[in-house]
Each structure stands twice: as structure tokens, then as C-alpha cells.
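Here the structure is laid out as C-alpha cells; the discussion comes afterwards.
A short reminder: the numbers here are calculations on the coordinates, not readings from a lab. Small disclaimer: the values here were computed from a predicted structure and weren't measured. Every residue, glycine as well, gets a Cβ built from its backbone with ideal geometry; the counts of neighbours run over all protein chains shown.
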Amino acid sequence: MKRHYLLLVALLVPLLVMAERDHERARALLESGEILSLEQILANVRAEYPGRPLEVKLEQKKGALIYEIELLDDDGKVWELKLDAVTGELLKRERED
């Protein structure tokens, strides 16, 4: 049992370190003015697409910084929105199954 616990800890520690680095990177990008704040992005999304955010990610794809937002609309449908983190422009909107 102790061996399983140690194995679990050994697997989780690198994930926690990576998550902390991602958080620090996102904060640095925001503070430098390179990306819009999540609050700004969500305010813009709410104006066009009422609903509740379920998950938000900041990712880098092909050199671009992208906010990916899963949104639950008022009809119970889940949408994935991809927005340019620099400009806030909606890049893609698709309904999740």
C-alpha cells in the first residue's frame, strides 16, 4: 500500500509543478499587457452568448494564445468557444455533443 502511495505522489508532483508554471506564465502575460484578462474575455462572451462557463483554458496553438471556454447555455447545451487571447476575437464556436 505504501508503495502505491509513493508512486501516486511521484506521478502527481510533476503535474502540480507544471500547473504552477502555467499559472505564473498566464499572470506574466496578463501583467505585461500581452493578453486580455479573463474577466474581459468573459464579459465579452456573456454579451453575445449568455450562459455559465464550465471550463476555461489558456493555451498556445501554432504560436497564438487562445482562451478555450466551455459554456453551458440556457437551453442546457454545451458550447466550446475559442477566442484570441490578445484581441478577444471569436475564432471558433462549436456545440459539444
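Net charge of the neighbourhood of Trp79, taken over other residues with C-beta under 9 Å away and scored Lys/Arg +1, Asp/Glu -1, is -2. Applied to region 82-97, the Karplus parametrisation 6.51 cos²θ - 1.76 cosθ + 1.60 on θ = phi - 60° returns per-residue 3J(HN,Hα) values of 10, 10, 5, 6, 8, 9, x, 5, 6, 9, 7, 9, 9, 7, 7, 7 Hz, with x for Gly and Pro.
Karplus-based coupling profile of region 47-54, in residue order and whole Hz: 5, 9, 10, x, x, 10, x, 9, with θ = phi - 60° in 6.51 cos²θ - 1.76 cosθ + 1.60 and x standing for Gly or Pro.
Phi angles of region 26-41 translate, via the Karplus equation with coefficients 6.51, -1.76, 1.60 and θ = phi - 60°, into HN-Hα couplings of 4, 5, 5, 5, 5, 5, 7, x, 6, 10, 6, 6, 4, 4, 5, 4 Hz per residue; Gly and Pro are given as x. Close amide-amide hydrogen proximity is noted between Leu91 and Lys82, Leu83, Asp84, each under 5 Å apart and 5 or more residues distant or on a separate chain (H modeled in the peptide plane; Pro and chain starts excluded).
In whole Å, what three semi-axes, largest first, describe the equivalent ellipsoid of region 35-97 built from its Cα gyration tensor (square root of 5 times each eigenvalue)? Intermediate results must be reported in sequence, preceding the final value.
Details: eigenvalues 73, 32, 15 Å².
Taking √(5λ) for each eigenvalue gives 19, 13, 9 Å, largest first.
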